[in-house]
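Derivation of every value follows stated rules applied to the coordinates shown; laboratory data play no part. The structure displayed is predicted, hence computed values, not measured ones. Counting neighbours? That spans all protein chains shown, and the Cβs are built from the backbone with ideal geometry, glycine included.
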Amino acid sequence: MLNEILNDVVIRLRTGIGMLLKGYGVEVIKGKAKFVDTKVVEVNGKVYSGDNIVIATGASSYVPDCFKNDRRVIVSDHIWQFQKLPETLAIIGGGFIGCEYASILNKFGVKVKVYEMMDTLLPGKDREITGFLKKQFEKRGIEVNLNQQLTGCETIEAEKVFVSVGVMPNIPELTGIELDKKGIKTDERLKTNIDGVYATGDVNGKYQLAYVATKEGEVAAENICGKDEIMDYSIVPEVIFTDPEIGICGLTEEKAKEQGLDIIVGRFPYSALGRAYADKKTDGFFKVVAEKSTERIVGIHIIGKGATELVSFSTLAISNGLKIKDLEKILYCHPTFAEGIMEAVFDLTKRSIHLPPKKQ
């Protein structure tokens, strides 16, 4: 199955992108590039120059020194090289990459153990969501070990050890370019401190998300073409392809309280959705966070079937400052998973008729 995904899906998509580039007249030069001057790069012994340069060199998996000498250690790229999957796997790091691969490999019958140094999976995400995910993992046979500050692999008994603790930006050598703790420093127009040089995607370290990198590339291209476009990072949705899948946008309940907001929270379970029963996917819930005084929606968090699709609607609502009454006016098709958002919104004011009446 992994080879099928690699040889069919990935190659097909890469081929399609290649055809698009060719169709738009973009010349693609394969090779290792290096700067020889501020606006000049060398590839395969040939020199190329331009008035503007976009650095989009991405990032590579980071492996701490304490794990490097163990032959069992792998990173995400190695998964696709397996001709045969291991029987047991330890995953160090319970972030989104670690959790996604835990879900995937568990489905293929690999016995998975996850080790996370913090007290929750997906640190920084909504605590109810992450707590629910942990229970679902354990229900599926994935062992979750929290508060684990590992300094090596000596105590780990597994055929392979998958290190998933973050990435390091692939920063090219360019004299004078300014860096910060995350990568190449850029402004809201994706410009670096060097005139005519831009940096997009993982190399600037802002968000390790493909769709953010795509939008950054579009913003950089618009500015190169003489327009004045800025990248808005204020509302960035996130999707996590675990089982159950997760879609989140805006402030978590915890973060909203930290910011001093007086909030109300609405919830609705998948187990009360007709569509969830029809699809036999009743695990999960919807959670909507709103500011009490203004009734402005500030966060929508979903765990369950369709969450990664529904989060785009959430982004639209939050980025446009929609209020409870705005989302209540919308007609939600039936039977759909989107009805869960509707019901969670109604629960903000305790008016969801598909939940038991609240005790006064």
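Put simply, when 124-131, 227-234, 97-104 are sorted by average Cβ atoms within 10 angstrom per residue, most first, you get 97-104, 124-131, 227-234.
Between 0 and 90 degrees, rounded to the nearest ten: what's the tilt of helix 96-107 against the longest Cα principal axis of the chain? So the inclination is approximately 70 degrees.
Backbone phi angles across segment 260-276, fed through the Karplus curve with coefficients 6.51, -1.76 and 1.60 (θ = phi - 60°), yield HN-Hα couplings of x, 7, 8, 10, 10, 10, x, 9, 8, x, 4, 5, 9, 9, x, 5, 5 Hz in residue order; Gly and Pro are listed as x.
Only counting other Cβ atoms within 10 Å, I'd like Met342, Met168, Met19, Met118 sorted with the fewest neighbours first.
Numbers: Met342 21, Met168 13, Met19 10, Met118 16.
Ranked by crowding around the Cβ, least crowded first: Met19, Met168, Met118, Met342.
With a Förster radius of 25 Å applied to the C-beta separation of Leu21 and His78, the computed FRET efficiency comes to 0.30. Computed over segment 172-263, the convex hull of the alpha-carbon atoms projects to a mean area of 8.2 nm².
Residues considered: Thr242, Thr88, Thr252. Largest GNM mean-square fluctuation over the chain, using C-alpha springs under 10 Å, is found at Thr88.
Backbone amide hydrogens, once placed in the peptide plane, bring Val167 within less than 5 Å of Tyr62, excluding anything fewer than 5 places away on its chain. Over all orientations, segment 1-160 has a Cα convex hull whose mean projected area works out to 13.4 square nanometres. Put in order of Cβ neighbour count within 10 Å, fewest first, the listed residues His334, His301 become His334, His301. The alpha carbon centroids of segment 50-120 and segment 268-298 are separated by 31 Å. Multiplying each eigenvalue of the alpha-carbon gyration tensor of segment 7-66 by 5 and taking the square root yields semi-axes of 24, 23, 10 Å, largest first, rounded to whole angstroms. When you restrict to C-alpha pairs under 8 Å that are six or more residues apart and normalise by the size of the chain, the relative contact order lands at 13 percent. Pairwise Cα separations in segment 230-355 fall into 5 Å bins from 0 onward with the following percentages, short to long: 2, 12, 22, 25, 21, 12, 5, 1, 0.
The convex hull around the C-alpha trace of segment 65-163, projected and averaged over every direction, spans 6.1 square nanometres. Here the Karplus curve 6.51 cos²θ - 1.76 cosθ + 1.60, taken at θ = phi - 60°, turns the phi angles of segment 246-259 into couplings of 10, x, 9, 7, x, 7, 6, 4, 5, 5, 4, 5, 4, 7 Hz, with x standing for Gly and Pro. Between 0 and 90 degrees, the angle of helix 11-23 with respect to the longest Cα principal axis of the chain falls at about 60 degrees.
Only helical DSSP H runs with n ≥ 4 go in: add -39500 (n - 2.57) per run for the chain, normalise by residue count and round the 222 nm mean residue ellipticity to 500 deg cm²/dmol. The partial results should precede the final answer.
Numbers: 11 runs with 101 residues, N = 360.
Rounded to the nearest 500, the figure is -8000 deg cm²/dmol.
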